[in-house]
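Data block below; observations after.
Bear in mind that the values in this text are calculations on the coordinates, not laboratory data. Note that the coordinates shown come from a computational prediction; the quantities given were computed from them, not determined experimentally. Counting neighbours? That spans all protein chains shown, and the Cβs are built from the backbone with ideal geometry, glycine included.
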Amino acid sequence: MSAWFKPLNQPIHDWLDKRVWIVGASSGIGAALAQSLLEAGAHVTISARRETELQSVAANFPKAHVVAFDSAEPQAWPEAMQATLSAMGHIDLVVLGAARYDPTHSWSLNLSDVQKSFDLNVVSVYRALASLVPYFLNRQSGGIALIASISAYTGLPRALIYGSTKAALNNLAETMYFELAPKGLDVYLINPGFVETPMTSGNDFKMPGLMTPKDAADCIKSGLQKGRFEIRFPRGFAGTLRLISRLPYRLRFWLLHKTTGM
Ligand SMILES: NC(=O)c1ccc[n+]([C@@H]2O[C@H](COP(=O)([O-])OP(=O)(O)OC[C@H]3O[C@@H](n4cnc5c(N)ncnc54)[C@H](OP(=O)(O)O)[C@@H]3O)[C@@H](O)[C@H]2O)c1
């Protein structure tokens with residue numbers, strides 16, 4: 001197959017006994033993805049802060065392991081990674097999805113929210129990479145998936161803080177792909193649209209293309225299996241926003257004002 005038509009990452013043909021570590025898996029998309037991969041036969045270590053919720057996600061799955069930790073804690077990553085390695089022996093794929101969403105307008109900025117969001121959504125990802133990249137390079141294989149958001153594509157109302165943290169992850173994943181793919185590693189950028197989870201439960205506006213966590217997990221699993229670099233969904237809404245983000249600013253702002261009513 002010509003290089004132009006090859007998937008950007010190595011397709012995952014079989015989940016049986018794959019070792020996957022999902023951070024941000026006590027609820028929502030991470031929990032649904034964990035259950036889907038466990039059902040497919042993978043070993044999955046699930047992490048987040050709330051141990052009781054993690055235990056209930058893991059219940060009835062003998063190949064599920066729980067490592068509870070606060071990923072915004074500067075010192076926590078090496079220890080959590082060691083616990084994950086002790087539980088599973090090795091790691092084939094890590095999915096980094098722990099995040100917070102503080103809906104914010106330009107006129108209601110709270111600097112403490114800015115600090116907390118960037119610490120968790122961005123800095124904790126770099127902390128994870130500081131431990132994971134040397135590990136995967138040493139093994140000469142492994143996959144790193146960052147859960148960002150389609151809000152990274154363009155500035156959107158209320159997303160003053162969240163949108164820029166997720167835009168940072170889009171850029172980060174692109175750079176990682178450039179540098180790590182030639183060394184045999186896989187890098188995935190997951191950009192979900194609206195998913196019905198605790199994170200969006202406070203949204204008081206109509207969320208176009210709203211999906212269930214299970215459908216979101218199915219899209220992620222399918223994208224990983226196909227070896228996609230960017231896994232974006234739902235197809236229609238995410239594709240439209242992507243297209244809008246490529247328009248000249250005058251037209252883009254006009255369209256966004258019209259569609260969001262803001
Ligand atoms: N829902 C959407 O519409 C949507 C759209 C685009 C992107 N996303 C992204 O998808 C990912 C999953 O979000 P979700 O919608 O599934 O929301 P969610 O159910 O609220 O999940 C967030 C997860 O992050 C964990 N977490 C939060 N703070 C943490 C910390 N300090 N340390 C460790 N874990 C922490 C939470 O568990 P604990 O509270 O137990 O720690 C939870 O497991 C996020 O990256 C989010 O930005 C979601």
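General remarks:
- Choice from 251, 169, 16 showing the highest fluctuation, given a GNM over the chain with Cα pairs closer than 10 Å: 251
- Fewest neighbouring Cβ atoms within 10 Å first, the residues 94, 123 line up as 123, 94.
- In the range 1-134, a dipole from Cβ-located charges (positive for Lys and Arg, negative for Asp and Glu) runs towards its positive end, and of 54, 90, 101 it is 90 whose Cα lies farthest in that direction.
- Other-chain or far-sequence residues with amide H under 5 Å of residue 227's (modelled H): 12
- Only Lys, Arg, Asp and Glu carry charge here, each on its Cβ (+1 for the first two, -1 for the last two); on that basis the chain has a dipole of about 900 debye about its Cα centre.
- Sequence of 77, 21 once ranked by neighbouring C-beta atoms within 10 Å, starting from the fewest: 77, 21
- Quarter of Cα convex hull surface for the range 1-142, i.e. mean projection, nm²: 10.9
- This ranking places 118, 205, 233, 69 by how few other beta-carbon atoms lie within 10 Å of each, fewest first, which gives 205, 118, 69, 233.
- Amide H contacts for residue 15 (H built 1.01 Å from N in the peptide plane; partners 5 or more residues away or on another chain; cut-off under 5 Å): none found.
- Rel. contact order, % - alpha carbon contacts under 8 angstrom, at least six apart, the chain: 20
- Compactness of the chain - radius of gyration and Dmax, Cα, Å: 18.0, 55
- Taking a straight Cα-Cα cut-off under 30 Å and skipping sequence neighbours fewer than 8 places away in the same chain, the lysines within cross-link reach of residue 116 are 166, 206, 214, 221.
- With helices as the sole contributors, the chain gives -13500 deg cm²/dmol at 222 nm; each DSSP H run of n ≥ 4 counts as -39500 (n - 2.57), and the sum is divided by every residue.
- Phi angles across the range 238-252 convert, under the Karplus curve 6.51 cos²θ - 1.76 cosθ + 1.60 with θ = phi - 60°, into 3J(HN,Hα) values of 5, x, 5, 5, 4, 5, 4, 5, 9, 7, x, 3, 4, 6, 4 Hz, Gly and Pro given as x.
- Cross-link partners of residue 226 among aspartates and glutamates (Cα-Cα below 15 Å; sequence separation of 8 or more within a chain): 14, 186, 218
- Across 206, 226, 18, mean-square fluctuation computed from a Gaussian network of the chain (C-alpha pairs under 10 Å connected) peaks at 206.
- The H on the amide N of residue 187, modeled in the peptide plane, is under 5 Å from the matching H of 144, each at least 5 residues off or on a different chain.
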